[in-house]
Structures are given as structure tokens and as C-alpha cells.
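Peer 1: Sharing a structure with you now.
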Amino acid sequence: MNFNKLLEWVGVITAILYSFFVAFNVGLEILGFSLLFLSAILIGIWAFRLKHNGILFLQIFYALAGLIGMYRWFG
């Protein structure tokens, strides 16, 4: 598997886990928002490398949402 595919699929899997952790409301929100942030970074790098500028722009906002979510749950 090449590096771009690894970034893409690990980013996708972490985003899926984030969605389930938050949606099921089982006390894993901090982990979920951390996974959202990680996913945004990974997919952002993937998008940058492949010049998918729209996806890169979207990942910036997902990363911010992950940071805001972590701050609000820790605070």
C-alpha cells in the first residue's frame, strides 16, 4: 500500500470511529474528538499531496471542530 492510500484510509477509519463514539454517547467523546482531529490532519495531508484543494479546505474546518470539541469536553 502506498503512503497516499494509507493516509486516505486511516483518515477515513478514524473519522468513522469518531462518528460512532460521539453518536452512541457512551462517554468516549474526548477520544472521538481526538480522532476527528487526527482524521482531519491525515486526510488534509492526503488532499494537499494530491492537490484536492476543496477537501483540504474542508479538513481545516474539521480539525478546528475537533479542537473545539476537545476544549469544550475538557473545560
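The values are calculated or read from the model by the stated rules, or taken from the named source; none is laboratory data. Just so it is clear, the model here is predicted, and its values are computed rather than measured. All Cβ positions, glycine included, derive from the backbone under ideal geometry; neighbour counts span all protein chains shown. With ligands, DNA and RNA removed, areas are computed over all heavy atoms of the protein, side chains included. Shrake-Rupley method; radii C 1.70, N 1.55, O 1.52, S 1.80 Å.
Peer 1: Return the carbon/sulfur percentage of the accessible area of the chain, one whole number, probe 1.4 Å, all protein chains in place. Working shown, then result.
Peer 2: Values: 3850 of 5140 Å².
Its accessible area is 75 percent carbon and sulfur atoms.
Peer 1: Could I ask something else about it? Relative contact order (percent) for the chain, with alpha-carbon contacts under 8 angstrom and 6 or more residues of separation? Let's see the in-between values first.
Peer 2: Working: 85 pairs, mean separation 24.2, N = 75.
RCO, the chain: 32 percent.
Peer 1: Hey, another quick one. Which of the three applies to the range 1-60, rounded, prolate or oblate, going by the alpha-carbon gyration tensor with a ≥ b ≥ c and a/c under 1.5 meaning rounded?
Peer 2: Values: a/c = 3.21, a/b = 1.96, b/c = 1.64.
Prolate, since a/c reaches 1.5 and a/b exceeds b/c.
Peer 1: Given points 7 Å out from each Cα along the Cα-Cβ axis, report the residue 65 to residue 48 separation in nanometres with one decimal.
Peer 2: 2.1 nm
Peer 1: Give the accessible area for residue 61 in Å² (nearest 10); use a 1.4 Å probe, count only protein heavy atoms, and leave out ligands, DNA and RNA.
Peer 2: Counting only protein heavy atoms, residue 61 exposes about 110 Å² to solvent.
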